[in-house]
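Each remark here refers to the structure printed beneath this line.
The values are calculated or read from the model by the stated rules, or taken from the named source; none is laboratory data. Just so we're clear, the structure is a prediction, and the values are computed from it rather than from any experiment. When we count neighbours, we look across all protein chains shown, and the Cβ atoms used for this are built from the backbone with ideal geometry, even at glycine. SASA here: full protein model, heavy atoms, side chains in, ligands and nucleic acids out. Shrake-Rupley method; radii C 1.70, N 1.55, O 1.52, S 1.80 Å.
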Amino acid sequence: DRVCAAAQARGIAVYLQVMAASPPGYRVQFAGVDAADQCLGPDDLPHRDRVDRNASLASPHIAAYTAALVAELAARYPQVTGIRLDWPEYPPYDMKSALFDFNPAMLALLEQRGADPDVIRVEVAAWADGVRAAAAGAAAGGPTAVASALVAADWNALTATHGPLATLFAAKKAAARALLTQCRGALDTLPGPRRRFEPQFFPPPFHHISGGPLDALDGVADAIGIKLYTMHWPMLARYWARDLIGAAAPAQVDAVTAAVAWLFGLTDTLDADGRRLRYPEPHEPHPVGSRAQHAKLVEARRLAGSVPVRAFAHSYGPLDDVVARLRIATQSGGPIWINRYGYLSDAKIAALAR
């Protein structure tokens, strides 16, 4: 309460950030999700080694809990400007997570949408087997060979509106939008000033895989946060490589990592061997593309239409790298939200002021 009052006196807006689908929802990487609400893969198994801890967005229990949480917090702290909802999607940090969700609640949603869950299960599993075989068969040939093999094995089904993954991904998007709509409705029942509602998502093309409804939030979200968490990008490519070829020779893992990074638009060029694509230390530049970051923000704004888009960027990295990243965000047409503020320094703050 004292922090909120002090910020208000200085003209500083305060937002409360909570998890979208991971009860109790107070902090990332912590969940008390009931077993019945866990995300499941096409094999009907949970993914224990995933990065996030989201439950099934199709679960009515999860949507109701999240809506109650944001409304209760907004009522308790009426002086806050609004709520930031983190990960109202299926975070696609690796391929196994991308193939969610076969929770019974999602199967029911698929049936409501006229789809046969058993057919979708077979098609999704067959697609995954195909791209894994393609990656394994081409890994020894280097990144170019892997990228070509993955495209030939229908890698682009990940972003297609038709094909083996499209029905599942469309249902994920519908579940995510329904959860967000329920939260917006809960906030709108509160007395006092209207609370802003600003969910944050993975950037394109990952929104298509995650179910992030970037093009369907007019009237629901007051703004959209797009995560330029560029220290995560090489890790993401490496996790997908792990799921594609398993415990292979380091050079082959590097080749698949480089191909995945290129196909997802994380790098500006196809890296020669992929060894540099790893999670950077706080003092190291992020091994990602400048054009790639700009393109993702431009595409997110195109999809969002009239809903404002805010770039979310971390302050990790050496001075020049941080300044370049923030400059890309501003040149892409909108404001920046700096995350992990503690990694800023006097020099970085001075550069921001300039």
Practice item. Take the stretch 182-197 and flag every residue that is touching a residue at least 40 places away in the same chain (Cβ under 8 Å) and either within 23 Å of A58 (Cβ to Cβ) or among the hydroxyl-bearing types (S, T, Y) (or both). Key: Q182, C183, G185, A186, L187, T189, F197
Point to revise | The one condition in (1) surrounded by fewer than 18 Cβ atoms within 10 Å (Cβ to Cβ); (2) in a loop (DSSP other than H, G, I, E, B) that L217 fails to fulfil | key: (1)
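Name the residue that is nearest to T181 (Cα to Cα), counting only residues in the stretch 20-48 that are of a type in the set (S, T, N, Q) and surrounded by 12 or more Cβ atoms within 10 Å (Cβ to Cβ).
Applying the first criterion (of a type in the set (S, T, N, Q)) to the stretch 20-48 yields 22, 29, 38.
Right, trim to surrounded by 12 or more Cβ atoms within 10 Å (Cβ to Cβ) and you get 22, 38.
Numbers: S22: 17, Q38: 21 Å.
Filtering first and then ranking leaves S22.
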Point to revise | Unmet criterion (only one of (1) in contact with a strand residue (DSSP E or B) (Cβ under 6 Å, 6 or more places away or on another chain); (2) assigned to a helix (DSSP H, G or I)) for T66 | key: (1)
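Quick one: which of Y90, Y77 is within 30 Å of R194 (Cβ to Cβ), in contact with a helix residue (DSSP H, G or I) (Cβ under 9 Å, 6 or more places away or on another chain) and open to solvent by 10 Å² or more (accessible area, probe 1.4 Å)?
Y77
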Check your understanding: Are there any pairs with C-beta distances below 8 angstrom linking a residue in the stretch 134-161 that is in a helix (DSSP H, G or I) to a residue that is among the polar types (S, T, N, Q) and open to solvent by 10 Å² or more (accessible area, probe 1.4 Å), with the two at least 6 apart or on different chains, and if so which?
Key -> A138/S148; A139/Q252; A140/Q252
Check your understanding: Name the residues in the stretch 137-155 that are in contact with a Gly (Cβ under 8 Å, 6 or more places away or on another chain) and not acidic (D, E), would you?
Key -> P143, A149, A153
**Study point:** Residue pairs meeting the criteria (Cβ under 6 Å; at least 6 apart or on separate chains; first modelled with pLDDT of 95 or more, in the stretch 204-229; second of a type in the set (S, T, Y))
**Key:** P205/T159; H208/T159; S210/Y90; G211/Y90; D218/S306; V220/T181
Check your understanding: Among the residues of the stretch 173-194 satisfying the criterion of being in contact with a helix residue (DSSP H, G or I) (Cβ under 7 Å, 6 or more places away or on another chain) and crowded, with 24+ Cβ neighbours inside 10 Å, which is nearest to L69 (Cα to Cα)?
Key -> C183
Exercise for review: Could you tell me whether F197 is within 17 Å of the chain's Cα centre (by Cα) and among the hydrophobic types (A, V, I, L, M, F, W, C)?
Suggested key: no
Check your understanding: Among (1) more than 27 Å from S315 (Cβ to Cβ); (2) open to solvent by 50 Å² or more (accessible area, probe 1.4 Å); (3) not in a helix (DSSP H, G or I), where does H208 come up short?
Key -> (3)
**Study point:** Pairs where the first residue, in the stretch 325-339, is at negative phi and open to solvent by 60 Å² or more (accessible area, probe 1.4 Å) and the second is basic (K, R) and assigned to a strand (DSSP E or B), C-beta under 9 Å, 6+ apart
**Key:** P335/R310; W337/R84; W337/R310
Review point. Quick check: is even one residue across the stretch 277-286 in contact with a Pro (Cβ under 6 Å, 6 or more places away or on another chain) and open to solvent by less than 10 Å² (accessible area, probe 1.4 Å)?
Key: yes
Point to revise | Extreme residue, farthest from Q293 (Cα to Cα), among residues of the stretch 235-281 that are within 18 Å of the chain's Cα centre (by Cα) and part of a loop (DSSP other than H, G, I, E, B) | key: Y279
Check your understanding: Which of (1) crowded, with 18+ Cβ neighbours inside 10 Å; (2) more than 23 Å from I224 (Cβ to Cβ); (3) touching a Ser or Thr at 6+ places or on another chain (Cβ under 8 Å); (4) of a type outside the set (V, I, T) is the odd one out, the single condition G317 does not satisfy?
Key -> (3)
Revision key, fill the gap. Matching residues in the stretch 49-61 (farther than 20 Å from M95 by Cβ and either at pLDDT below 90 or open to solvent by 90 Å² or more (accessible area, probe 1.4 Å) (or both)) number 1
